[in-house]
Amino acid sequence: MNKIRKVVDNDTYLHREAQYRRRFWSSILAIFILMEGLVLHSFISSYNLSKNNIKEMGEVNLAYESAKIENYLQKSLDVTWIISDTVWHMLQVGCTNQEVHEYLSQETNLWLEQVDNNYTGIYGYINGEYIDGSNWIPPEGYDPCSRDWYLAAIKGAGAPVMVSPYVDAQTGKMMISASQLLPDGKSVVSMDLTLNEIQNTIKNVHIADGAGYSYIIDSSGLVVAHYDDSENGKNYLDDLEISTIISRIQKLDRGSFSAEINHKKCSVFTNSVRDRWNTVVVVEDSKLFHAIRVRFLVTLLIFTGIFLVIVLLCYISYRSMIKHARREVVIRQNLHQLNKDMILALSHTVDAKDRYTSGHSYRVAKYAMEIARRLGKSEEEQEIIYTAGLLHDLGKIRVPDELINKADKLTEDEFELITIHTVSGYQILKDIYKDKQVAYAAKYHHERFDGKGYPNGLSGKNIPEIARIICVADSYDAMASNRSYRKVLPQEVVRSQIVEGRGSQFDPLVADIMLQMIDEDSDYKMKQPEALQSNILVIDDEEMNIMMVSHILKDENSYTIFGAQNYEEAEKIMQENHIDLILLDFLMPKIDGLEAIKMIQEKYTTPVIFMTSDKSFETISKSMEAGAVDYITKPFMPLSLKEIVRTVLIQM
């Protein structure tokens, strides 16, 4: 027997082990796939970041090359300025045009042979005569004053200027001139410069290991220099496909953007040169990002292997941590909900003691939270103030009901008994919340700003801020609610009382916010709602029970009682009238209470209270599980019936 039992146990163990193994590996696979996706997402983000870094590096490199080109062009302007200044000095000391010609010839040879052979000639229009340092003889009819170099100098008004590039008719090379107007306002010195150096520079401008091509265009779309010499001198604005890209380049000034060129996705880098030219580099994306794609693919594969090992090693502890965290979250949520339910229950308990000010604590909490919001308090601070508003009168549970609801003026002893609710509330709340603010609100909300309040006679900012806020909200609702000795006060009276108490009873800042809220409430909605007529339907097959309920509730002027002895009659009444509450007999012929409440809930949201003579706990449990908000046992206890009906209607 023992041997057979061991075999059975072993088979069971092996079966469970296989079952656990399947669950284990299926879970591992699911986690692996999920985390692989997360890793992939992370790498894609890194990949995009690397792309951006490459583009930023490309922009920096292009800016560096553009600066070199700009410095080269600036040198020609500086040379023009030096030579112009020298020529003007020669004229000032009386030198002839012949002497000026000799100087320009000397400088031309110097720059061409010893400094930079890109400087092809220095010339000018001096004292009404064209002088050329390279001894070029202009053709007959040549008018220097109509040439671009002369007109640009005139426009420059004495500052060295760069003339728009042009193609030399004899050499086919791109040329540029730098000119400057002399102080006499007529004479001009100019220098010609081939763009060979810039052409060589632009051929060496690369991004991402030599990928792509580069060029320079001016503001008119003319290609000043190009990686491909054959493109020099073309105007890209004349090409419909390229002109769109050129427009974007000129608008961007510097930076990069993506574009489709010749049906390929490309990155276009640009940087301005002297605000008139743009250096441009165009690179196909497939070449620009090829290296990082390969690198990231290899890295991704390595991390996948490493991560798989980590998942296998950490799986058990991970599951344990997840279970613990979930359990902790559920417990925390349950505690938070329990705390909220307890606060509301305490608030309803206090409000139930005063039959005239239904919902007072809720309204005070609502007004106080709005004041806090307008004061710029955080959501957490607003929630604390809201809780304080709900519980500020908690100490009234120590005050007799007949005293709270007394219609006549209170005696000194009675008023003193009323005032203890602040201290009682504090004593109840001080050990419930770590944050003492809620307890302070209960104790000090009847202190006055001028120090004439109770229980401690605090004044000004010595009164905790939360109590100063509750004080204004509480006083406002006291005036905007029914009392045992009066009805709701008119809004203008309430406002005048707040104004009168500003600085004496109330903190001026809080009072001002309350006045702002009053002024915005043009329809006077911030007050205790008028008592609404409640329609109550009593469904019982015995007419005597219907009459008994009507008799018990007859003193409540806001109740209208309807009676029905079966469900058919009840259905007709519900179709013809809005019913606020249903008192339903648990045991009725034909359709019993459980079936009836189910039919009611399918069509209506009206709360249902069961009436039953069955006092077993099982029956009570069934009624609550069916959705009843409460139950009443027969024969009725009048006070219990009144309280249950009143409470349910209030909570609606």
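The values are calculated or read from the model by the stated rules, or taken from the named source; none is laboratory data. Everything numeric in this text was worked out from a predicted model, so none of it was measured. Don't worry about glycine lacking a Cβ; one is built from the backbone with ideal geometry, like all the others, and counts go over all protein chains shown. Areas reflect the complete protein model, heavy atoms only, side chains present, ligands, DNA and RNA absent. Shrake-Rupley method; radii C 1.70, N 1.55, O 1.52, S 1.80 Å.
Label sites at MET624 and ASP184, each approximated as a point 7 angstrom past Cα along Cα to Cβ, lie 11.4 nm apart. Sequence-ordered 3J(HN,Hα) estimates for the range 142-150 from the Karplus curve with 6.51, -1.76 and 1.60 and θ = phi - 60° stand at 5, 10, x, 5, 9, 7, 4, 5, 6 Hz, glycine and proline given as x. For ARG374, the shell of other residues with beta-carbons less than 12 Å away shows a net charge of -1, using +1 for Lys and Arg and -1 for Asp and Glu.
Extending 7 Å from the Cα toward the beta-carbon at both THR560 and SER640 defines two label points whose distance is 3.0 nm.
Residues of the range 483-538: accessible area per residue at 1.4 Å, in Å²? The partial results should precede the final answer.
Values: 3090 Å² over 56 residues.
Result: 55 Å² per residue.
When the solvent-accessible area of the range 58-98 is split by element, carbon and sulfur atoms take up 55 percent of it, the probe being 1.4 Å.
Entry for the range 147-188 at q = 0.15, 0.24, 0.26, 0.28 Å⁻¹: log10 I(q)/I(0) = -0.37, -0.71, -0.78, -0.85, Debye formula applied to identical alpha-carbon scatterers, no solvent contribution.
Converting the Cα gyration tensor eigenvalues of the range 469-604 into ellipsoid dimensions via √(5λ) gives semi-axes, longest first, of 47, 15, 12 Å. In the complete set of protein chains, residue-level accessible area for GLU197 is approximately 80 Å², probe 1.4 angstrom.
If I stretch the segment between VAL167 and LYS487 completely, what's the gain in nm (0.36 nm per residue apart, minus their alpha carbon distance), one decimal?
Values: separation 320, 0.36 × 320 = 115.20 nm, distance 9.75 nm.
That pair, VAL167 and LYS487, stretches by 105.5 nm at full extension.
Hey, with R₀ at 41 Å, roughly what FRET efficiency would LEU587 and MET342 work out to, going by the Cβ-Cβ distance, to 0.05? Computed FRET efficiency for LEU587 and MET342 comes out at 0.70.
Distance between the 7 Å Cα→Cβ label points at ARG373 and THR411: 4.6 nm.
Note on the range 120-240: with neighbouring protein chains present and a 1.4 Å probe, carbon and sulfur make up 48 percent of its accessible heavy-atom surface.
Here r is the Cβ-Cβ distance between HIS263 and THR96 and R0 is 45 Å; the resulting FRET efficiency, rounded to 0.05, is 0.10.
ILE384 sits with roughly 40 Å² accessible to a 1.4 Å probe, with DNA, RNA and ligands left out of the calculation. Within the range 593-646, the trypsin sites (Lys or Arg not before Pro) that combine a DSSP coil assignment with at most 12 other C-beta atoms in a 10 angstrom radius are LYS615.
Once backbone amide H atoms are built at 1.01 Å from N, ALA225 has ILE216 as its partners under 5 Å, excluding neighbours fewer than 5 places away on the same chain. Computed from the C-beta positions of SER522 and ARG248 and an R0 of 51 Å, the FRET efficiency is 0.40 to the nearest 0.05.
Karplus-based coupling profile of the range 201-206, in residue order and whole Hz: 5, 5, 6, 9, 7, 9, with θ = phi - 60° in 6.51 cos²θ - 1.76 cosθ + 1.60 and x standing for Gly or Pro.
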